[in-house]
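A.B. asks: Sharing a structure below in structure tokens format, with a few things to ask.
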Amino acid sequence: MTENTKPTKEQAEEAVRTLIRWAGDDPSREGLLGTPDRVARSYLEFFAGYEENPEEYLERTFEEVEGYDEMIILKDIRLESYCEHHMVPIIGVAHVAYMPDNRVVGISKLARVVEAFAKRLQIQEKLTQQIADTIDKALQPKGVAVIIESAHQCMTTRGVHKDGVTMITSSMLGMFRKSDITRKELLAFLGR
């Protein structure tokens, strides 16, 4: 098997059995018999973003905006991702804003872009930038802002064990980077 060949479901299940044995349990005991199959199926859901092209969600835009050129914000998009260092959840919210330049996109498409990138092994900094860059490239707006607030289970359930800590990352492009007034207006809308 080459490095880029996706293992079979059976190989994935055997890997789970190996991890169960490595953790000190018996994968053949009654309570764990179905676990390898369940884990393999859950990974298909957790990492569904690898099967998606986020740019495709932004292909259909609308130009009938009657000259609307003010901020559009999608606030509190629930986000579930997975730390690429420990493969444990990152749970939080994303806020996505853009200032259109003659065209807009359906708001559900913004949430789908967030989801497609989140459903991959990630670090939050990269996730934030990927979302912003994709929206900027596809819509070519006057500005894009992405802010992600999340808790990292790699910090709360292992290692330093610090619960209640939130990590915040942002990417400000165009008007959101250039204009203090625009950035402050966004932060006011977000209650910051």
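A.B. asks: For the chain, which whole percent of the accessible surface, found with a 1.4 angstrom probe, sits on carbon and sulfur atoms?
C.D. replies: 51
A.B. asks: Using the alpha-carbon centroid of each, what span in Å lies between the range 1-38 and the range 114-151?
C.D. replies: So the two Cα centres are separated by 32 Å.
A.B. asks: Additional query: Rounded, prolate or oblate, given the Cα gyration tensor of the range 39-117, with a/c below 1.5 counting as rounded?
C.D. replies: prolate
A.B. asks: Further question on the same structure: Checking the table Lys109/Lys184; Lys6/Lys162; Lys6/Lys75; Lys126/Lys178; Lys137/Lys184; Lys6/Lys142 against a 32 Å threshold on Cα-Cα, which pairs fail?
C.D. replies: Result: Lys6/Lys162; Lys6/Lys75; Lys6/Lys142 exceed 32 Å.
A.B. asks: Please report, largest first and rounded to whole Å, the three semi-axes of the ellipsoid equivalent to the range 78-192, where each semi-axis is the square root of five times an eigenvalue of the C-alpha gyration tensor.
C.D. replies: So the three semi-axes of the range 78-192 are 27, 16, 10 Å.
A.B. asks: Could you check which residue among Gly92, Gly143, Gly106 shows the biggest mean-square fluctuation in a GNM of the chain with a 10 Å Cα cutoff?
C.D. replies: It is Gly106.
A.B. asks: Which value in nm describes the separation of the simple spin-label points at Phe62 and Leu44, placed 7 Å from the Cα toward the beta carbon?
C.D. replies: Using points 7 Å along Cα→Cβ, the separation is 3.5 nm.
A.B. asks: In whole Å, what three semi-axes, largest first, describe the equivalent ellipsoid of the chain built from its Cα gyration tensor (square root of 5 times each eigenvalue)?
C.D. replies: 38, 20, 12
A.B. asks: Continuing with the same structure: Over the residues of the range 101-146, compute the C-alpha Rg and express it relative to 2.2 N^0.38 Å.
C.D. replies: So the Cα radius of gyration is 1.15 times the expected 2.2 N^0.38 Å.
A.B. asks: So, one more: For labels at Glu52 and Ala23 in the simple 7 Å Cα→Cβ model, what's the distance in nm?
C.D. replies: 2.7
A.B. asks: Helix 35-46 against the longest principal axis of the chain: what's the angle in degrees, Cα atoms only, rounded to the nearest 10?
C.D. replies: 10
The values are calculated or read from the model by the stated rules, or taken from the named source; none is laboratory data. Predicted model, so just to flag it, every value in this text is computed and none were measured. Because the Cβ atoms are built from the backbone with ideal geometry, glycine has one as well, and the counts that use them run over all protein chains shown. Remember, those area values only see protein heavy atoms, side chains included, never the ligands or the DNA or RNA. Shrake-Rupley method; radii C 1.70, N 1.55, O 1.52, S 1.80 Å.
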